[in-house]
Amino acid sequence: MGKDKKEEAIFLRKKITLLRAFSLLIGSMVGSGIFISPKGVLKNSGSVGFSLVVWFSCGLFSMFGALCYAELGTRITKSGGHYIYILETLGPLPSFLFLWAEFFAIRPANSAVVSLAFGRYMLEPFFTPCAAPVPAVKLVSLLGYYMVLTLNSWSVTWSARLQTALSVVKLLALALIIVPGMMLLAQGHTENFQDAFDRQSLVLDKLPLAFYAGMFAYSGWFQTSFVREELVKPERNIPLAVIVSVISVIVGYMLTNVSYYTVLGTQDVLASPAVAVSFVQRAFKSLISVVPVLVALSCFGTMNGGIFTFSRTLFVASREGQWPPLFSMIHIRRHTPLPAVMLMFPLVTAMVCIGDIYHLLNFFSFSRWLFIGLATLGLIIHRHRHPELHSPFRVPLFVPVSFTIICLFTVAMSFYSDPVSISIGCTMVLSGFPVYYLIIHRQMSDRCRNLFYYLTHKLQLLLEVVQQEIKTY
């Protein structure tokens, strides 16, 4: 009887091994960013040399952040990433503000950027040398996003397997850019690196936007923290996966950018709507129809990783009482958090339809790096409050301190760089204050609570979902 009960229990399984964790990180980091961000980094840094410095600095910065999150992941045993770390260290109000910004700004805008990149590169071979029509790009972008949404609603195992397979595709796409570029560089094609550090073109107040573009390309180093409860041997696998994956991506990104600049001049990069396609047109015309498809599949993998982890944030938030309980439920047969996965559908659809890649990028980067900085600040506070707590992985104090300072400084400086987009992002965060005090802090009336529970019950029956048992195997 006990055995049957254990077999029939509804819960999220521990299915994410070290290989799958590594694939999740690589698949989330290497996506649209390395094929979109070179233009944004170069535009806001001013020269080839300074752009390469920005790329390396963003990689080092990501490593600091990844190490901080690795320690947080061994100290705090719950899934949920930024949200649960802020909740456990800074309290319910900052964590709810993050959740509010994540749902209405950060995640849908990020998903829309990656989806638009997927659509652009998917259609590029059919319209070269002309640009693909914008309505067609948006339609293909939405179709790709809906495919990933369906997969994550269907099976955790298959979405994880797809992530592993697409990680290989991503590395192949980078290799097809790196190898020809390095061959040309070895042959002496260094003309685009002449006067690489032109100080006259450097505009300091634009540097935060260059870092936003670079950090967007590296974003994903925190993804294992969202699925902490589903990881096998998390105390060992989280630090190992983040260190190996971030170092691999830093090396890959630096070689990719050097390859870009070996083939393309500054004006070519700035004028290109799809840098990887422009690169192939110059360096390797025989692959003109292959590389864009590989890049599109890379973006597909990033969308998959994003949905896979964000659904866990809503899942944990509802379990902590800061989000409707429906979103902590999982499907009775598929064992996937179906309501949490489906919640992003309308917002991402709207942003893909009305948005532009670079404005969306600046819009959500403010909120993202504000709360990541607060999460690592929380690590410092958690250490001070709980000196007796033994952590199997611990980083030197200067790592979270320097990471937090740089995060918050970049966020503050971005108000001068793009005041309109950043102000909208700030307003979105602040709008969560009245919602928190009206709905979370204050208790609902009995009538509203009964109506809410009635609707939740009806949706629960419709979606065939139940509350999971708070345990994992």
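The values are calculated or read from the model by the stated rules, or taken from the named source; none is laboratory data. Model, not experiment: these values are computed from the prediction. All Cβ positions, glycine included, derive from the backbone under ideal geometry; neighbour counts span all protein chains shown. Note: accessible area is taken over every heavy atom of the protein model, side chains too, but ligands, DNA and RNA are not part of it. Shrake-Rupley method; radii C 1.70, N 1.55, O 1.52, S 1.80 Å.
The C-alpha atoms of the chain define a longest principal axis, and helix 33-45 lies at about 60 degrees to it. Only the Cβ atoms of Lys and Arg (+1) and of Asp and Glu (-1) were treated as charged; on that basis the dipole of segment 55-179 about its Cα centre amounts to roughly 160 debye.
Pairs of Cα atoms nearer than 8 Å and 6+ residues apart set the relative contact order; for the chain it is 34 percent.
Here r is the Cβ-Cβ distance between Asn450 and His359 and R0 is 60 Å; the resulting FRET efficiency, rounded to 0.05, is 0.90.
Quick check: at a probe of 1.4 Å, how many percent of the accessible area of the chain sits on carbon and sulfur atoms? Write down the numbers at each step before the final one.
Details: 13320 of 19470 Å².
That share works out to 68 percent.
Greater than 26 Å separation of Cα atoms is the criterion. Which listed pairs, Lys78/Lys458; Lys78/Lys170; Lys39/Lys170, meet it? The answer is Lys78/Lys458; Lys78/Lys170. Any idea what angle helix 345-354 forms with the longest principal axis of the chain, computed on alpha-carbon atoms, 0 to 90 degrees, nearest 10? It works out to around 30 degrees. Computed about its Cα centre, the charge dipole of the chain is approximately 1080 debye, with only Lys, Arg, Asp and Glu carrying charge at their Cβ.
Taking every protein chain into account, the accessible area of segment 121-221 amounts to 50 square angstrom per residue (probe 1.4 Å). Think of the chain as having a plus end and a minus end, set by charges on the Cβ of Lys, Arg, Asp and Glu; of Ile76, Asn450, Asn152, Asn450 sits farthest toward the positive end of this dipole. As a rough guide to protection, the peptides 362-375, 339-352 ranked by mean Cβ packing within 10 Å, highest first, stand as 362-375, 339-352. Once C-alpha pairs closer than 8 Å and six or more residues apart are averaged by separation and normalised to the residue number of segment 336-409, the relative contact order reads 39 percent.
For the listed peptides 29-42, 157-170, 69-82, a ranking on the average number of other beta carbons within 10 Å per residue, highest first, reads 29-42, 69-82, 157-170.
Computed over the alpha-carbon atoms, segment 327-444 gives an Rg to Rh ratio of 1.05, Rh here being the Kirkwood radius from the mean inverse distance. Can you give the Rg to Rh ratio of segment 180-269, both from alpha-carbon atoms, with Rh computed by the Kirkwood formula? With Rg and the Kirkwood Rh in hand, the quotient comes to 1.12.
Which angle from 0 to 90°, rounded to the nearest 10, does the C-alpha axis of helix 18-29 make with the longest principal axis of the chain? Around 60 degrees separate the two axes. Reducing segment 129-182 and segment 28-58 to their Cα centroids gives an inter-centroid distance of 20 Å. The label-point distance for Asp195 and Val168, in a model that sets each label 7 Å from Cα toward Cβ, rounds to 4.7 nm.
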